[in-house]
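First up is the structure itself, then whatever we jot down about it.
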Amino acid sequence: LAAHGQSVCEAEMRPPFADRSVELTADAGSFRDELVHVPLLIAGATSESLGNRRSELVTPMDVLSTLSDWFGVSQEAVSESEAFSLLPLLQNEECSWRSELYFQDAEGNAAMRTEQFLLVQPDAAAQLASTPSSDVIDNNAIGLFLKPEDVWEVNSVTEQHPDKVTALRTALLAWLRSR
C-alpha cells in the first residue's frame, strides 16, 4: 500500500501526437490518475480472484475501514459515509460501491472522478466564491477525460460531452459548497 502513486508522465515522455497547447495548468495536474490512484496489492487471494485487477473507486480511508472490519475493531475514527470496507470485494461478494470521488488541492483546484470520467476544474474555489450560484461553464478551463482509456489525461473530451460536463460540474460544485 502507498499513500498515492508516482508521476511517470513527464512532458517529454508523452506521445508525440499529444497536443501540448491544451494541457491543464501545472496545479491542476495534481489530479493526474497516477498521483491519486492508491496502489494496493493484496496477497492471499482465492483461486477465482488470483491476479485480478479491480477498478472500483477507493481511497486510503478504505484501507483503515477494511482493516477495522477484518480484525473486528470499532471504526469510530472513520465516518461511514467516507470509507468502505474492501472485504466484500476481496471475497468476491456483491456490494454497492461509490460511484464518484471528489478531490481538492491546496491551490483551490478541484476534480471529480467516476468510473468513466475525470472532470478537472482549475481554480474552482475562486470561481465558487465569485459566482456561488452560477452554473456558467468555461470550457477552456475545464478538462473532461475518458477513464480508464486516457491514462495521462491528454485528450479532453469537454466539447464532445457538454451534458456530462454540466452534470459532473454541478455535482462537483455542490460537493465544494457542502464542505
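The values are calculated or read from the model by the stated rules, or taken from the named source; none is laboratory data. Here the structure is a predicted model, which is why all the values come from computation and not from measurement. Neighbour counts run over all protein chains shown; Cβ positions are idealised from the backbone, glycine included. These area figures cover heavy atoms from the full protein model, side chains too; ligands, DNA and RNA do not enter into them. Shrake-Rupley method; radii C 1.70, N 1.55, O 1.52, S 1.80 Å.
Quick rundown of the values:
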| item | result |
| --- | --- |
| Count of the stretch 111-130 residues which are within 10 Å of Glu100 (Cβ to Cβ) and touching a residue at least 60 places away in the same chain (Cβ under 8 Å) | 3 |
| Elements of type helices (runs of 4 or more DSSP H) contained in the stretch 30-117, each with 2 or more residues being under 30 Å from Arg169 (Cβ atoms) and modelled with pLDDT under 70 | 33-36 |
| Every pair of residues 6+ apart whose Cβ atoms lie under 6 Å, when the first sits in the stretch 150-179 and is open to solvent by 60 Å² or more (accessible area, probe 1.4 Å) while the second is not aliphatic (A, V, I, L, M) | Trp152/Cys9 |
| Sole residue being assigned to a loop (DSSP other than H, G, I, E, B) and either of a type in the set (Phe, Trp, Tyr) or within 15 Å of Ala111 (Cβ to Cβ) (or both), chosen from Glu153, Glu159 | Glu153 |
